[in-house]
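Enquirer: The structure is given below, and queries will be raised subsequently.
Every read-out reported here was derived from the displayed coordinates using simple, explicitly stated rules and does not represent laboratory data. In this text the structure is predicted, and so the values were computed from the model without any measurement. Backbone-built Cβ (ideal geometry, glycine too); neighbour counts: all protein chains shown.
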Amino acid sequence: MLRSMITATNTMSQLQKQLDTIGHNLANIDTQGFKRTETSFSELVRQQIDNQPNEQDEIGRFGELGIRQGTGARLGSSLALTQGSLKQTGRALDIAFSVPNQFLQIDVDGEIHYTRDGALYLSPAADGTNRLMLATAEGRPVLDENQNPIIVEDTFKELVISEDGTITAIPQNDGDLPQVYSLGVVQIDRPQLLAENGSNRYRLTDLGNNLQGDILTYLEGALRGNVSLKQGSLEMSNVDLSKELTDLMISQRSYQMNAKSITMGDQMLGLINGVR
């Protein structure tokens, strides 16, 4: 009886995490470039407890197959990089990726983060000159393919962003040369090693930093042609409202069922104690 109550309790804690994830997805249904988090459950086959000083104390703790038996279910989550719908804005500094696993590189306090939010702005450069820096909505510098901030002279009349991420600042005077920059774009091959960092940004996990070469592909040089951008558009969230609401109802019913099993187990223990 205690085993069934422990199983239900552990499962309820994981179901609560799933409910929190669904709520997070729903809260960002209108966030530009947001990627939903998918959840799935697996049976907890074993449970690791490293609290024994020697192997002799482990006798009696293993099941018939020689592995530890766990209780309940375990929640797994991963980032879903499916393409969101494109919304046309007509604004020159709005860009949208049309390939699911490509991200912009931005500088966050000296650390490189990644985002799909293509609403960009020009802000005054910090060097006291009249130059302008390309930045995100929260003022984070957007990096070029050499991982340097993109800073343009304020002598241009318009900015043109090509499909491969090349930014051309058209000069006001016909005789002047245009300023040309290349957006820093990476391809994420293993999104499960990305961690959300707030403000619609992602960073590599500690494991991801160790395996960076297997996770990131820098789209520069000969790979520049793989970049697929659309100027004057924004990618919307890939959250599916109907799916999230369906998952929400299933999770709530599962939570109620496990809570009911704990109540029934408690009642049966009471009856057993009464008989004794």
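Enquirer: Report, in degrees rounded to the nearest 10, the 0 to 90 angle that the Cα long axis of helix 241-275 makes with the longest principal axis of the chain.
Expert: 20 degrees
Enquirer: Sticking with this structure for a sec: Over what distance in Å are the Cα centres of region 123-147 and region 92-115 separated?
Expert: 14 Å
Enquirer: I would also like to ask the following. Which of the peptides 93-106, 250-263 is most tightly packed, and how do the rest follow, judged by the mean count of other Cβ atoms within 10 Å per residue?
Expert: Ranked from most to least packed, the peptides come out as 93-106, 250-263.
Enquirer: Which value in Å is the Kirkwood Rh of region 86-235 over different Cα pairs? Could the numbers behind the result be given before it?
Expert: On the way: mean 1/r = 0.0630 Å⁻¹.
Kirkwood hydrodynamic radius for region 86-235: 15.9 Å.
Enquirer: Which residues make up the longest stretch of the chain clear of GluC sites (Glu not before Pro) that lie in a DSSP loop with no more than 15 other Cβ atoms within 10 Å, not counting the sites? Could the numbers behind the result be given before it?
Expert: Details: sites that count: Glu64, Glu138, Glu153, Glu163.
Formally, the longest exposed-site-free interval is 164-276.
Enquirer: Here is a further query. How much FRET efficiency would the formula 1/(1 + (r/R0)^6) give for Leu211 and His24, where r is the Cβ-Cβ distance and R0 is 22 Å, rounded to 0.05? Don't jump to the answer; show the numbers that get you there.
Expert: Numbers: r = 26 Å, r/R0 = 1.18.
The pair Leu211/His24 has a calculated efficiency of 0.25.
Enquirer: Relative contact order for the chain: what is it in percent, counting Cα pairs under 8 Å that are at least 6 residues apart?
Expert: Numbers: 521 pairs, mean separation 73.4, N = 276.
Relative contact order of the chain: 27 percent.
Enquirer: Order these peptides, 169-178, 76-85, by their mean beta-carbon neighbour count within 10 angstrom, highest first. Walk me through the intermediate numbers first.
Expert: On the way: 169-178: 11.2, 76-85: 14.8.
The peptides rank, most packed first, as 76-85, 169-178.
Enquirer: While we're on this one: In degrees from 0 to 90, rounded to the nearest 10, what is the angle of the helix 2-27 Cα long axis to the longest principal axis of the chain?
Expert: Roughly 20 degrees between the two axes.
Enquirer: Considering the dipole of the chain built from charges on the beta carbon (Lys and Arg +1, Asp and Glu -1) around the Cα centre, which of Thr155, Gln192, Gly232 is farthest to its positive end?
Expert: Gln192
Enquirer: Quick one: work out Rg over Rh on the C-alpha atoms of the chain, Rh as Kirkwood radius.
Expert: Numbers: Rg = 25.8 Å, Rh = 22.4 Å.
That ratio is 1.16, to two decimals.
Enquirer: Determine, from the Cβ-Cβ distance of Gln147 and Ile170 and an R0 of 22 Å, the FRET efficiency 1/(1 + (r/R0)^6), rounded to the nearest 0.05.
Expert: Working: r = 25 Å, r/R0 = 1.16.
The calculated FRET efficiency here is 0.30.
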